[in-house]
1. From the list 234, 166, 269, exactly one residue is at pLDDT 95 or above and either over 25 Å from residue 333 (Cα atoms) or assigned by TED's automatic domain parsing to the domain that holds residue 424 (or both). Which is it?
2. Looking at 337, 312, 343, can you tell me which residue is farther than 30 Å from residue 7 by Cβ and either in the same structural domain as residue 256 (by TED's automatic domain parsing) or among the β-branched types (Val, Ile, Thr) (or both)?
3. Considering each of 151, 138 in turn, give the residue that is surrounded by 16 or more Cβ atoms within 10 Å (Cβ to Cβ), under 30 Å from residue 254 (Cβ atoms) and either out of contact with any Leu (no Cβ under 8 Å at 6 or more places or on another chain) or of a type in the set (Lys, Arg) (or both).
4. For residues that are of a type outside the set (D, E, K, R) and not in a loop (DSSP other than H, G, I, E, B), scanning just the stretch 359-376, find the one that is surrounded by the fewest Cβ atoms within 10 Å (Cβ to Cβ).
5. Picking from 122, 140, 74, which residue would you name as being among the polar types (S, T, N, Q), closer than 28 Å to residue 178 by Cβ, touching a residue at least 40 places away in the same chain (Cβ under 8 Å) and out of contact with any Gly (no Cβ under 7 Å at 6 or more places or on another chain)?
6. Restricting attention to the stretch 371-400, and to residues there that are touching a residue at least 40 places away in the same chain (Cβ under 8 Å) and of a type in the set (S, T, N, Q), which single residue is farthest from residue 424 (Cα to Cα)?
7. Have a look at 63, 109 and point out the one that is without any contact (Cβ under 8 Å) to a residue 12 or more places away in the chain and within 23 Å of the chain's Cα centre (by Cα).
8. Search the stretch 43-58 for residues that are part of a loop (DSSP other than H, G, I, E, B) and surrounded by fewer than 19 Cβ atoms within 10 Å (Cβ to Cβ) and pair each with any residue that is modelled with pLDDT under 95 and hydroxyl-bearing (Ser, Thr, Tyr) when their beta-carbon atoms are under 8 Å apart and the residues are at least 6 apart or on different chains.
Amino acid sequence: MAVSRLFVANRGEIALRIVRAAQAQNIETVVGISDADRGSAAARLADRAIVLGPGPAALSYLDPRLVVHAARASGCDALHPGYGFLSERSILPRLCAQNDVAFVGPEPDMIDALGDKLQARSMARAAGVPLVPGSDRIASAADARREGDRIGYPVLLKASAGGGGRGMVVANNGDEAEAGFAKASAEAQAAFNDGTLFMERFVPEARHVEVQLMGDGLGNVVHFGERDCSVQRRYQKLVEESPCVAMPDHVRSELHRAAVDLAKSVNYRNAGTAEFLYDVQRQEVYFIEVNARIQVEHPVTEMVTGVDLVGEQIRIAGGAGLSMRQEDIAVSGHAIECRINAEDAARGFIPVPGTVTRWQPPQGEGIRLDSHMTQGAVIPPYYDSMIGKLIVHGANRAEAITRLGDALENFVVEGIPTTIALHRAIARHPDFIANTFHTRWLEQVLLANPNALAE
């Protein structure tokens, strides 16, 4: 049955994005908010906003029972979790099912399986998807040394649960592998309440490439091309683009096939992203993980395909199935996205809350801005520092970079520090223009220059 009233269990730009996608399908929207978000753009645009209880504002979006109760009490027949918060917690879709609320996302068992990286690796192996050479579970520092010696250094110790760079340590020899085990395990335990680790071969100059997928839960899966997310700081993506022009067509085809085969093998439902490491020198791709939700960087895919991915998510959750075949999807031109954060680069990129005293975003052909900010908006201290995503589209990568540079020069924000200057430096750097960067380029090259952010 088609969705008639959608509960949005998130905040910021993604909440606003979901509301707009639902309204495009004439679906009523209810947004769950914290006290800090009473005046937010999503709360103003939605048909109704419900405050999710008293207490610390950061916790309002993290109580699954409260969120589902609010959805049910407001007469919603579907719930969209966005990304972050509860989006990859299987308890949320389980509670939705118990309360006759359609969950806009994968099945709970699938979320659990893919949330464990070791289990996801096993699923990928069974589907014939290439893996980064690595290990199974590492139980001790001695295991770490032994597996590192077997795989060959450098290696990367990784948390099996969670992500975002936490619980990840590079080791260049056996001593570092033993020391890294304790550090990575402690970080993983603190962040995810699970200190389980495994190990992968570390590729120093790799690209991080991912494939956007959509499935109907019946074995039918389509992809929407790939995204290159290699401009990162501390394993956090800052710039994403589509397509990955550093990849030859035969590797691109293999990448798409591997991602689709994996999703088909598990009857994946709704939106997901299969992430891979691309070894440029070997021209090989290796599976990393699947993110069982819509991702921050989905707009770059929308810009090159013309498909409303969030709208497609909602239709699938309502039982409509996939609205397109693979042959209906084509990539046109090139798109680049910059994540704009309220952070102070001079103080180690520390998040800085405050009031936006001037907000003058760029406008023009091929420019899209996904943001909940307006002049006078208050950025509270409780949440992620991202305040917007600037996306540009061009006929090719060179045109997209030129358009990005112009858009960033015309993007004026006052009252708070932002990472706009960082993105300007990236857009004009010869390595970025020549497409010769890798996942550690930002830290090793651009930010290693003390004058990198000088305007």
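The values are calculated or read from the model by the stated rules, or taken from the named source; none is laboratory data. Only a predicted model underlies this, so the values are computations on that prediction, with no experimental measurement involved. Neighbour counts are summed over all protein chains in view; Cβ atoms, including those assigned to glycine, are modelled from backbone coordinates with ideal geometry.
1. After ruling out the rest, the residue left standing is 269.
2. Details: 337 fails: farther than 30 Å from residue 7 by Cβ; 312 fails: farther than 30 Å from residue 7 by Cβ.
Answer to the selection: 343.
3. Numbers: 138 fails: either out of contact with any Leu (no Cβ under 8 Å at 6 or more places or on another chain) or of a type in the set (Lys, Arg) (or both).
It is 151.
4. Quick first cut of the stretch 359-376, residues of a type outside the set (D, E, K, R) only: 359-364, 366-367, 369, 371-376.
Those left that are additionally not in a loop (DSSP other than H, G, I, E, B): 359-360, 367, 369, 371.
Details: 359: 18, 360: 11, 367: 18, 369: 18, 371: 19.
Looking at residues that are of a type outside the set (D, E, K, R) and not in a loop (DSSP other than H, G, I, E, B), I get 360.
5. Values: 122 fails: touching a residue at least 40 places away in the same chain (Cβ under 8 Å); 74 fails: closer than 28 Å to residue 178 by Cβ.
Selected residue: 140, the only one of 122, 140, 74 that is among the polar types (S, T, N, Q), closer than 28 Å to residue 178 by Cβ, touching a residue at least 40 places away in the same chain (Cβ under 8 Å) and out of contact with any Gly (no Cβ under 7 Å at 6 or more places or on another chain).
6. Among residues in the stretch 371-400 that are touching a residue at least 40 places away in the same chain (Cβ under 8 Å) and of a type in the set (S, T, N, Q), the one farthest from residue 424 (Cα to Cα) is 374.
7. Going through 63, 109 in turn, the sole match is 63.
8. 53/60; 56/382
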